[in-house]
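The values are calculated or read from the model by the stated rules, or taken from the named source; none is laboratory data. From a predicted model like this one, the values you see are computed outputs, not experimental measurements. FYI the Cβ positions are ideal-geometry reconstructions off the backbone, even for glycines, and counts take in every protein chain you see. The protein model used for the area step is the full one, side chains on, heavy atoms only, and it has no ligands, DNA or RNA in it. Shrake-Rupley method; radii C 1.70, N 1.55, O 1.52, S 1.80 Å.
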Amino acid sequence: MEVEKMDENEWKYHGEGNQSLVVAHCQRCAVLRFLKFPPNQNKTSEEILHHLQNIVDFGKHVMKQFFGENYVHHGEIVQLPLDFIRQLCLKIQPERPESRCDKDMDTLCGYAMCLPNLTRLQTYRFVEHRPILCIEIKPKCGFIPFSSHVSQEIKHKVCRYCMHQHLKVANGKWKRPSKYCPLDLFSGNKQRMHFALKSLLQEAQNNLKIFKNGELIYGCKDDQDSVSDWNELARHLKPFFFPSNGLVSGPHCTRTIVKELIHVITMALLSSTEACRAGDMRTVPISHGRSYCEASAFNKELVRNGKHKLESSGLPRGCLLYKTLQAQMLDMLDIEGLYPLYNRVEQYLEEFPEERSTLQIDGPYNEAFYEKLLDLSTEDDGTVAFALTKVQQYRIAMTAKDCSIMIALSPCLQDECSEQRPVVLTSKSRFTFSVSVLDLDLKPYESIPHQYKLDGKIVNYYLKNVQAKDDPVMSSLFKENEDCTLVLHKV
């Protein structure tokens, strides 16, 4: 990218997370990603450059090994004119969601990451002016802990996402719990996957967004409630799925279009666009855990209809969901088994603080770092080396549990669909597509105590407020006590 002649008007606000803010170029297929910090926290240019270099190296040397070459875009660092950055910051400020404004975009050091715009990306060089539809899914953790360190039996039955939903609703983050359960999406069973995607479309929260030509047309802009308007979505999607306009409008039409969309997403997620297996990764056997979650609405429906469990069909080995799940399952001990090991590393660092860089806790994320992650033994020999390997594997797993999958779809004509491009068919159209993975920054070492506390909170809230009410014996006890006493607290 030519950085001398930069015009802030050629860039527009694209989105942001907790750590960084992204702007997209209006014409070219590129985005710039800037780091964000609390207002009083000034970082030096060297620190910021080092931080960005770590992000690039981690994508290049570690996550590419797990996910494969085709799926990971690690980007490059660029230095930009400070004047351009300041003008850009002023320009985009009004568009930022209020809940994200506790941190400011870094305008002092001049470094940013330049990446392809995955909402518009096609892995194949061909007609760029075609309309492009992009679906971004944050699938979250797709397995139930199989570790013997788990202290509460409920964790072996109900997945983390389904439990966390109740705490989030209680804390006012969302208005309603979602019916989405990650285990349904990761099951590889088309019925369950369709149910999971439909649930995501009903209650998108921040787990699903849809872009048309790089513009967000569906999904949550902010943490607040956004009522999903399927009719509005169908209006956007109709030209993609029913180009000849032969379909009547109305609720039937909307349902049909949503169904087609779900079918296309499922086919793209199950596709394998990677010929070779990723790296020399020894895989964690997926059969370790159980393949369904007792709180899943799909599962409850089956039980209600007197059917037995619909067993998982399993995921094709080359597809991105399979690779994501493999990386997630590096969390072999669960946070409960990992936390004592984190404390072992912490104790060692208190005694020998100068060892922190030797242990590669803050990078460099190179081949040597990756090699150490391949040791899947769970036999604790009491060493710091064992504890550190498990801690680093857990950080990778956390990263994979929070990544986003991008599916870009572009309509193609029958005669264009050559052998080189993967194609997915619907009843009236055909799409070429590309699948990528995003948000692959390594989760911070320092966040482990927070994860441990949060895990306890999620489980305790669920046991007290949800499971107790589901259990008929407990539920009747609750009911008897419900109308007893009104307790007034002094304010």
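Put simply, the amide H of R430, placed in the peptide plane, has neighbours under 5 Å in C412, leaving out anything fewer than 5 places away on its chain.
Accessible surface calculations at 1.4 Å, restricted to protein heavy atoms, place segment 23-117 at 47 Å² per residue. Once you sort the root eigenvalues of the Cα gyration tensor of segment 134-463 as a ≥ b ≥ c, which label holds: rounded (a/c under 1.5), prolate (a/b larger than b/c) or oblate (the other case)? It is prolate, given that a/c is not under 1.5 and a/b is the larger ratio. What distance in nm separates the two pseudo spin-label positions at V384 and Q79, each 7 Å out from Cα along the beta-carbon direction? It works out to 3.7 nm between the two label points.
In this structure, K457 and C101 have a Cβ-Cβ separation that, at R0 = 25 Å, corresponds to a calculated FRET efficiency of about 0.45. Available extension along the chain between I154 and R176 is 5.7 nm, counting 0.36 nm per residue and deducting the alpha carbon span. Taking a ≥ b ≥ c as the square roots of the eigenvalues of the alpha-carbon gyration tensor, segment 81-225 is classed prolate because a/c is 1.5 or more and a/b outweighs b/c.
Note on V423 and R255: their simple-model spin labels are 3.1 nm apart, each label 7 Å out from Cα toward Cβ. Per-residue SASA remark: F195, around 60 Å² accessible (1.4 Å probe; ligands, DNA and RNA not included). As a length-normalised measure over Cα pairs under 8 Å and 6 or more apart, the relative contact order of segment 8-117 settles at 39 percent. Which pairs in the list K190/K323; K155/K464; K60/K372; K12/K198; K138/K469 are over 21 Å apart, alpha-carbon to alpha-carbon? Exceeds cut-off: K12/K198; K138/K469. Need the C-alpha centroid separation for segment 123-199 versus segment 1-74, integer Å. Each part reduced to its Cα centre gives a spacing of 26 Å. So if we plug the beta-carbon distance of L108 and V56 into 1/(1 + (r/R0)^6) with R0 = 25 Å, what FRET efficiency do we get, rounded to 0.05? About 0.80, to the nearest 0.05. Taking 0.36 nm per intervening residue step and subtracting the Cα-Cα distance, what contour gain separates R356 from K5 on full extension? Taking R356 through K5 to full extension adds about 122.2 nm, to one decimal.
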